[in-house]
């Protein structure tokens, strides 16, 4: 039986396309009939804001769970690509008045928090995809940066998702639309995954691997944890399940990859998922690494993504150098950074 057969409806791969100029194509003719398309959870509107002027140059949409993580990434990528804010200004949370998600724009890079779990990611992606459409962005690349539990993989390992699997081991995401079950392919761009893997350095003090990711709808029982409010299975049951996952090529577990892959693929958007493992689930359920270690681990996927963004911009001649422009002395600039960090 076909993966997308049975009583469910599926969308064929041939239907996935975009406009010839690389801009995002919506699958909703109703949008053009609306007086204004309000992106409720981003505090933006197609008529209240000049979305093309604000976001038309976006090439990379980087998403992560928490507002703070994405604010930190925005500051990090600003330094990496040499982006300079106008004098007297600072990074602003564009979606602050939505009180739901945070969004920062650093030149061609949009940094957005997506919350936790598939419903939160789904809401955000619908509106980000519409934002790309209204802004007429050309060939945007979506990347999820996150954390996960490793399966046979030690904490600190960076994992690039090859296939996103649901709890039934299907490379798909299941939707319920008008009371009917719809399965959509949860496909990520394999070429992009290989390009990211190629940017892992031999000097990195950690491994970067490609593997299958299991996406669940729950942090506790759905992931076979023994430490939730409820647990009606044994440790032996849990270990057999995790070993089964490992035997099928699953190297990590998280809660966002299938919806992220399904919606970006359905929109014809190139996408990737890069996470860092916070523990090896074969050795336990709780994260015991010290806070400073966790912080360093969470920076690892960001480093890989920044390498990709810098390489892509450099190939297009769009990468600015921090050693030029407003930086007179790179050595003194580094010293000032160190002094500033010492006074946090």
Quiz prompt | Enumeration of residues in region 42-61 that are closer than 15 Å to residue 95 by Cα and assigned to a strand (DSSP E or B) | solution = 44, 45, 61
Quiz item: Taking into account only those residues within region 210-220 that are in contact (Cβ under 8 Å) with a residue 12 or more places away in the chain and not in a strand (DSSP E or B), which is surrounded by the fewest Cβ atoms within 10 Å (Cβ to Cβ)?
Solution: 218
Quiz item: In this structure, is residue 240 within 17 Å of the chain's Cα centre (by Cα) and at pLDDT 95 or above?
Solution: no
Self-check item: Residue in region 90-129 that is surrounded by the most Cβ atoms within 10 Å (Cβ to Cβ), counting only those that are over 18 Å from the mean Cα position of the chain (by Cα) and part of a helix (DSSP H, G or I)
Solution: 98
Quiz prompt | Lone unmet requirement of (1) touching a strand residue (DSSP E or B) at 6+ places or on another chain (Cβ under 7 Å); (2) closer than 21 Å to residue 80 by Cβ; (3) modelled with pLDDT under 95 for residue 287 | solution = (2)
Quiz item: Is it true that some residue in region 202-209 is in contact with a strand residue (DSSP E or B) (Cβ under 9 Å, 6 or more places away or on another chain), closer than 30 Å to residue 129 by Cβ and not in a loop (DSSP other than H, G, I, E, B)?
Solution: yes
Practice problem: Look through 146, 156 and report the one residue that is under 30 Å from residue 205 (Cβ atoms), surrounded by 22 or more Cβ atoms within 10 Å (Cβ to Cβ) and either at pLDDT 95 or above or touching a helix residue (DSSP H, G or I) at 6+ places or on another chain (Cβ under 6 Å) (or both). | Solution: 146
Practice problem: Look at residue 275 and say whether it is over 28 Å from residue 305 (Cβ atoms) and surrounded by 13 or more Cβ atoms within 10 Å (Cβ to Cβ). | Solution: no
Quiz prompt | region 97-123, residues that are under 16 Å from residue 55 (Cα atoms) and touching a strand residue (DSSP E or B) at 6+ places or on another chain (Cβ under 7 Å) | solution = 102, 103, 104, 108, 109, 110, 111, 112
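The values are calculated or read from the model by the stated rules, or taken from the named source; none is laboratory data. For clarity, every value in this text was computed on a predicted model and none was experimentally measured. Reconstructed Cβ throughout: ideal geometry from the backbone, glycine too, with neighbour counts over all protein chains shown.
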